[in-house]
Amino acid sequence: MENTNKVAVCCMAGGYKNAFTQGVLTAFEENGLIADVYTACSSSTLIAAFAAFRGMGQLNLTLWKNGYAISQEDGGDQSQAMLQSIQQLSPTIKSNLWEPSSSRLVIATSRIITSDAAAAAQSESAKRLGQMLLLNAMRHKTEWKDKNLESELFGTNTDGRTRLLTKENFNEVAYATTRMLHAWKIPASIENCAYIDGSYTSHFPIKFLSELKCGRIICISAEKEKVFTNIFMQEEIPFQIDGVLVDVIKPDIDLKEVGLDFYKITEEGLNIGYKHGYKKGLTYINK
């Protein structure tokens with residue numbers, strides 16, 4: 001029988017804006033709000049992994065500062081920034097995430113299911129394809145996504161709802177979930193299959209959460225406006241799943257306007273975003 005007292009925290013995609021999410025998760029941990037399950041997508045993956053083993057106190061904002069500095073050295077390519085972050089943090093993650101005391105971590109990815117799309121995503125034309133998909137997302141056009149992509153979840157323990165996330169494939173999965181085609185030059189694969197960013201298909205896994213039968217679902221978004229299940233913005237995050245209310249924590253300010261955007265940050269914007277997230281986390285707990 002499912003434990004309906006389970007708490008799930010869903011961390012959305014958001015690039016460097018997820019410094020806000022880090023603030024929320026830190027406030028949660030410091031005040032004893034520990035989820036049974038953390039779901040993550042794209043740039044929220046590493047911080048959600050630390051939350052799963054109560055390790056938020058080990059993180060600081062250099063994760064984002066260093067990543068941004070590396071991306072600028074390489075002409076704006078986010079691949080090297082993400083790979084460096086994974087290399088730096090994965091030893092600590094692998095030493096703690098699979099301990100019995102850790103919460104379950106589930107990572108959302110997008111698996112490419114057609115050979116032509118896989119070839120395009122792994123080729124020099126990937127950037128152009130990514131730019132096309134961004135335009136499609138703005139126009140809510142999902143034909144390419146529907147034909148070529150499938151949402152796939154990886155979890156630290158599996159019960160048929162996810163593929164198994166292991167110490168051996170963690171680095172591949174952590175990189176694959178972040179690969180936005182327009183900004184990541186280095187292809188992503190998991191066990192020799194092509195993958196791209198989880199937000200193309202679903203960074204809020206409704207079906208998984210429904211089957212999990214949680215008692216509380218908390219969604220953390222770094223976007224001030226409406227929150228959608230993927231970047232194509234066809235479906236908003238529901239207010240409830242199978243009778244369980246979904247609490248959405250999001251900023252009261254436009255993070256981009258204060259200097260914290262998907263691929264660009266300022267020192268001041270990073271601090272403002274993190275502190276605002278911490279405050280929103282405290283507000284939720286006190287509520």
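The values are calculated or read from the model by the stated rules, or taken from the named source; none is laboratory data. Nothing here was measured: the structure is a model prediction, and the numbers come from that model. Glycine also receives a Cβ, built like all others from the backbone with ideal geometry; neighbour counts cover every protein chain displayed. Heads up: the accessible areas ignore ligands, DNA and RNA and are worked out on the full protein's heavy atoms, side chains in. Shrake-Rupley method; radii C 1.70, N 1.55, O 1.52, S 1.80 Å.
The table for this structure:
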{"quantity": "The chain, relative contact order [Cα under 8 Å, separation at least 6], %", "calculated": "29 percent"}
{"quantity": "Only Lys, Arg (+1) and Asp, Glu (-1) charged, at Cβ; the chain dipole about Cα centre in debye", "calculated": "220 debye"}
{"quantity": "Accessible surface, per residue, of segment 134-207 when the full set of protein chains is kept, probe 1.4 Å, Å²", "calculated": "44 Å²"}
{"quantity": "Surface share of carbon and sulfur [accessible, 1.4 angstrom probe, percent] for segment 65-163", "calculated": "46 percent"}
{"quantity": "Mean projection area, nm², convex hull over Cα of segment 33-166", "calculated": "10.0 nm²"}
{"quantity": "Most positive-pole-ward Cα, Gln87, Val244, Ala118, against dipole of the chain from beta carbon charges", "calculated": "Val244"}
{"quantity": "Total lysine pairs whose alpha carbons fall under 27 Å of each other in segment 119-187 (8 or more apart, or interchain)", "calculated": "8"}
{"quantity": "Sum of -39500 (n - 2.57) over DSSP H runs of 4+, divided by residues of the chain (222 nm, nearest 500)", "calculated": "-11500 deg cm²/dmol"}
{"quantity": "Solvent-accessible area per residue, Å², over segment 29-89 with all protein chains present [probe radius 1.4 Å]", "calculated": "37 Å²"}
{"quantity": "GNM flexibility winner over the chain from Asn157, Asn271, Asn31 (Cα, springs under 10 Å)", "calculated": "Asn31"}
{"quantity": "Segment 1-78 - percent relative contact order, Cα under 8 Å, separation 6 or more", "calculated": "33 percent"}
{"quantity": "Rg ratio (alpha-carbon, reference 2.2 N^0.38 Å) - segment 140-287", "calculated": "1.15"}
{"quantity": "Candidates Asp159, Asp261, Asp197: whichever shows maximal mean-square fluctuation once the chain is modelled as a Gaussian network with Cα springs under 10 Å", "calculated": "Asp159"}
{"quantity": "Sum of side-chain charges, Leu135 neighbourhood, beta-carbon under 14 Å (Lys, Arg +1; Asp, Glu -1)", "calculated": "+4"}
{"quantity": "Charge context of Lys287, other residues only, Cβ under 14 angstrom, K/R +1, D/E -1", "calculated": "+2"}
{"quantity": "Neighbour net charge for Glu225 - beta-carbon separation under 13 angstrom, K R +1, D E -1", "calculated": "0"}
{"quantity": "Whether segment 186-271 is rounded, prolate or oblate, judged on the alpha carbon gyration tensor where a/c under 1.5 counts as rounded", "calculated": "oblate"}
{"quantity": "GNM top mover of Pro100, Pro205, Pro238 - the chain, alpha-carbon springs below 10 Å", "calculated": "Pro100"}
